[in-house]
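Visitor: Please find one structure pasted underneath; my questions will follow.
The values are calculated or read from the model by the stated rules, or taken from the named source; none is laboratory data. Predicted model only: the values in this text are computed from it and were never measured. All Cβ positions, even for glycine, are placed from backbone atoms using ideal geometry, and neighbour counts span all protein chains on display.
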Number of protein chains: 6
Amino acid sequence: MSTVKLIEYAEASPEVRAVYDDIMATRKIDWINNFWKALANHPPTLRRTWESVKEVMAPGALDALTKEMIYVAVSATNNCEYCIVSHTAGARKAGMTTEMLGELMAVVGMANETNRLANGFQVPVDERLAKAARGGD
Amino acid sequence: MSTVKLIEYAEASPEVRAVYDDIMATRKIDWINNFWKALANHPPTLRRTWESVKEVMAPGALDALTKEMIYVAVSATNNCEYCIVSHTAGARKAGMTTEMLGELMAVVGMANETNRLANGFQVPVDERLAKAARGGD
Amino acid sequence: MSTVKLIEYAEASPEVRAVYDDIMATRKIDWINNFWKALANHPPTLRRTWESVKEVMAPGALDALTKEMIYVAVSATNNCEYCIVSHTAGARKAGMTTEMLGELMAVVGMANETNRLANGFQVPVDERLAKAARGGD
Amino acid sequence: MSTVKLIEYAEASPEVRAVYDDIMATRKIDWINNFWKALANHPPTLRRTWESVKEVMAPGALDALTKEMIYVAVSATNNCEYCIVSHTAGARKAGMTTEMLGELMAVVGMANETNRLANGFQVPVDERLAKAARGGD
Amino acid sequence: MSTVKLIEYAEASPEVRAVYDDIMATRKIDWINNFWKALANHPPTLRRTWESVKEVMAPGALDALTKEMIYVAVSATNNCEYCIVSHTAGARKAGMTTEMLGELMAVVGMANETNRLANGFQVPVDERLAKAARGGD
Amino acid sequence: MSTVKLIEYAEASPEVRAVYDDIMATRKIDWINNFWKALANHPPTLRRTWESVKEVMAPGALDALTKEMIYVAVSATNNCEYCIVSHTAGARKAGMTTEMLGELMAVVGMANETNRLANGFQVPVDERLAKAARGGD
């Protein structure tokens, strides 16, 4: 149960409606999902968050599908139910098959496992790897 | 500083050496990074972890570069220094440019931000999104 | 669904009742919320946790509202549904408006984003900032 | 050690310099800290992140000190060394005393403890608290 | 609501059935819990995960009860509802009493508290402790 | 580098010295580790935290070694370097061998992996497991 009211289009201020309209136009959909209805309780956060998401998730050096899968990876790691569901939906819309989801989650699980092994043993970073991470400079 | 001894090839048991040999052969490299030298303190964990990583990270429905970037996304979220460095190195080797890394981190940051907004307001999942996440069944 | 029985006042031992009575007297309320009913399965943890919460949340150098908002910030970051809801309620009781909640969550989201950017790029701490953090000593 | 080059003012592009100039003007300082020098590897992320931080951290319904302390609370919970140090410095600059830092960390520690007790016992949310969290609607 | 179909025995492929059969035989039970039915959407992950869990959770230098309690500790820290419930059940089956669960959660809560105090103040590791952690070498 | 001064015995107030004395007497050691020297900046937090740790970590339904290993499991999951090192040292002192540490970390890694698989697929809890977790009531 949300800790704030979910603000519907009909009751929204012009400032909020302008964001809702841009979300629907950008995504070519005719409805607004609950995340934005919750953020609408604080219009500056609604506007800023939407503008950031719109810019960050647009295809660039990485395509839309890769970006959605990275979003799912982070959300599964943080256990954000809303984000897991909404971005799994987004990734499926962008072409992710169930097999791809299976491999994605296998990597996410494995990364969470080895993260704890590396941290738990306090493994020191190899100088060779640090150099390679910086692009071999 | 590691909480366990880092076991070098020269002092390793035959069981550990067999894993080290397979790591070097699979990755076409001639050295072993510290992560495996730490795990070698418990040979069953060394063997099992390597076999899992080898299977999970092999190209399949997702290519090697995408898998490495997902690994970086999880490791940055968990703040595992060793894993961030080693998989940023791995992703660069697989073709990631600095621009791609920039977009990757932008998505990771944004996902961590919206994860907390969704959780913090306890936003309920939209039924439409839940259905879409399951592939529209 | 709780993994332990929720212990009601009527069935509680004298030791548990004494804590329940102090919670109600301190907070000027006439009921006990589920968190304490779950802890009552292990009376030493009930007593110790209540005494710590009572001491830590009392107004001091920081006022009660600020403390409740910090509690919400941590709970949203960890995704503890119970804690988000109960401390959002506590902060509202202490005077937090919806606009303040909006700004609070905006800071929480932004901190979670930049935490991952700083970690993901492994940004080294500036010596000037370290000195300023210690109070310029 | 950073996984990307830290870009100094002297070698920065005009787009990056414009952000650096705005950071220094807004904060009334004459240097740039490493976080922004790392983000400068991806100018759109540098610009977007700075604009968001500038907007979110400006005094509003919450004052600057409260916002800095919330930032420290989140950063301590996530263990982001860079963010803990830089925002502890920021909070001190905004007036936080060592005693206030002591109380802040006491709340952060307590919240992290009770978050796990609530999650670990899977305590169900009380309906009264859920209603109070929504502002008694 | 699961983001993938839960695959029942009757509709499972021979590859999946072989894993289900091994789970039931190893655990001496006649049903399959939902976790495995979800993983069955990606048979290689089902097989690999089960083999790893079977190997890791078998009694060795640590007994089964200790291993189940460690699993609960991690799951409560990460807030994985499914894992908290299933491994609390597993620990009870292995002999954990409610009093032991109470002490377990008290340690988990305390560790989460002091983790943030140590991180939040950025406490440097004592050389004596680092030496003792490595076994006094 | 600590964000607060580490307070040595010689310069400590009588209130802080009383806690330091009790730590040394209880643990039968003749020095104070940095964690307590940092907390001493806020004497009420020093006192309360020490009293809680002393109570929680004393042998009870769980022995001291089991408690130290649970502490390591949580600390590795949260990536608290100080806590990993100090409680690995504590567990070794209580009898943990390197083989036991290997099994401990194997469980921690596996739990972190399956936590994300369960969360990532949003696996619903089986009613049978929920009942068993509550002790079969």
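Visitor: With the requirement that a residue be among the hydroxyl-bearing types (Ser, Thr, Tyr) and over 15 Å from E:Pro43 (Cβ atoms), what does segment E:6-32 give you?
Guide: E:Thr26
Visitor: I've got another one for you. Is it fair to say E:Ala106 is in a loop (DSSP other than H, G, I, E, B) and either surrounded by 22 or more Cβ atoms within 10 Å (Cβ to Cβ) or among the small types (Gly, Ala, Ser) (or both)?
Guide: No.
Visitor: What's the number of the only condition in (1) closer than 19 Å to B:Gly102 by Cα; (2) out of contact with any helix residue (DSSP H, G or I) (no Cβ under 8 Å at 6 or more places or on another chain) that A:Glu99 fails to meet?
Guide: If we test A:Glu99 against (1) closer than 19 Å to B:Gly102 by Cα; (2) out of contact with any helix residue (DSSP H, G or I) (no Cβ under 8 Å at 6 or more places or on another chain), just (1) comes out false.
Visitor: Return the only residue of D:Arg48, D:Arg116 being facing another protein chain (nearest Cβ under 7 Å) and either surrounded by fewer than 24 Cβ atoms within 10 Å (Cβ to Cβ) or in contact with a strand residue (DSSP E or B) (Cβ under 6 Å, 6 or more places away or on another chain) (or both).
Guide: Exactly one of D:Arg48, D:Arg116 is facing another protein chain (nearest Cβ under 7 Å) and either surrounded by fewer than 24 Cβ atoms within 10 Å (Cβ to Cβ) or in contact with a strand residue (DSSP E or B) (Cβ under 6 Å, 6 or more places away or on another chain) (or both), namely D:Arg48.
Visitor: Output the number of the condition that E:Val53 fails; it satisfies all remaining conditions of (1) surrounded by fewer than 24 Cβ atoms within 10 Å (Cβ to Cβ); (2) closer than 24 Å to D:Phe121 by Cα; (3) away from chain A (no Cβ under 13 Å).
Guide: Exception for E:Val53: condition (3).
Visitor: Here's a follow-up. Hey, does segment C:16-34 have a residue that's touching a Pro at 6+ places or on another chain (Cβ under 9 Å) and under 27 Å from C:Ala106 (Cβ atoms)?
Guide: No: zero hits.
Visitor: OK, next. Of the residues that make up segment E:78-91, is at least one farther than 20 Å from F:Gly135 by Cα, touching a helix residue (DSSP H, G or I) at 6+ places or on another chain (Cβ under 6 Å) and part of a helix (DSSP H, G or I)?
Guide: yes
Visitor: Now a separate question. When you go through D:Met69, D:Met24, D:Met96 one by one, which is the residue that is crowded, with 16+ Cβ neighbours inside 10 Å, out of contact with any Cys (no Cβ under 6 Å at 6 or more places or on another chain) and in a helix (DSSP H, G or I)?
Guide: Selected residue: D:Met69, the only one of D:Met69, D:Met24, D:Met96 that is crowded, with 16+ Cβ neighbours inside 10 Å, out of contact with any Cys (no Cβ under 6 Å at 6 or more places or on another chain) and in a helix (DSSP H, G or I).
Visitor: A follow-up question, please. Can you tell me which residue within segment C:27-44, out of those that are within 17 Å of the chain's Cα centre (by Cα) and surrounded by fewer than 22 Cβ atoms within 10 Å (Cβ to Cβ), is farthest from A:Asn78 (Cα to Cα)?
Guide: Only one residue fits best here, namely C:Arg27.
Visitor: Given the conditions (1) under 27 Å from C:Cys80 (Cβ atoms); (2) modelled with pLDDT of 95 or more; (3) part of a loop (DSSP other than H, G, I, E, B), which single one is not true for A:Val74?
Guide: Among (1) under 27 Å from C:Cys80 (Cβ atoms); (2) modelled with pLDDT of 95 or more; (3) part of a loop (DSSP other than H, G, I, E, B), the lone unmet condition for A:Val74 is (3).
Visitor: Tell me which residues, restricted to segment F:42-66, are free of Cβ contacts under 8 Å to residues at least 24 places away in the same chain and assigned to a helix (DSSP H, G or I).
Guide: F:Pro44, F:Thr45, F:Arg48, F:Thr49, F:Glu51, F:Ser52, F:Val53, F:Glu55, F:Val56, F:Met57, F:Thr66
Visitor: May I pose another question? Checking the condition facing another protein chain (nearest Cβ under 8 Å), small (Gly, Ala, Ser) and surrounded by fewer than 16 Cβ atoms within 10 Å (Cβ to Cβ), which residue from D:Ala61, D:Ala10 passes?
Guide: Testing whether each residue is facing another protein chain (nearest Cβ under 8 Å), small (Gly, Ala, Ser) and surrounded by fewer than 16 Cβ atoms within 10 Å (Cβ to Cβ) leaves just D:Ala61.
Visitor: Filter segment C:27-41 down to the residues that are hydrophobic (A, V, I, L, M, F, W, C) and not in a helix (DSSP H, G or I) and list them by number.
Guide: C:Ile29, C:Trp31, C:Ile32, C:Ala40 - these are the residues of segment C:27-41 that are hydrophobic (A, V, I, L, M, F, W, C) and not in a helix (DSSP H, G or I).
Visitor: When residues of segment A:67-94 are filtered for being in contact with a Gly (Cβ under 7 Å, 6 or more places away or on another chain) and either of a type in the set (Asp, Glu) or without any contact (Cβ under 8 Å) to a residue 24 or more places away in the chain (or both), how many remain?
Guide: Selection size over segment A:67-94: 3.
Visitor: Taking the residues in segment B:72-93 that are more than 10 Å from chain D (Cβ to nearest Cβ) and out of contact with any Phe, Trp or Tyr (no Cβ under 9 Å at 6 or more places or on another chain) as candidates, determine which candidate is surrounded by the fewest Cβ atoms within 10 Å (Cβ to Cβ).
Guide: Only one residue fits best here, namely B:Lys93.
Visitor: Could you please give the count of residues in segment D:119-137 that are part of a helix (DSSP H, G or I) and more than 7 Å from every other protein chain (Cβ to nearest Cβ)?
Guide: Residues flagged as part of a helix (DSSP H, G or I) and more than 7 Å from every other protein chain (Cβ to nearest Cβ) within segment D:119-137 amount to 3.
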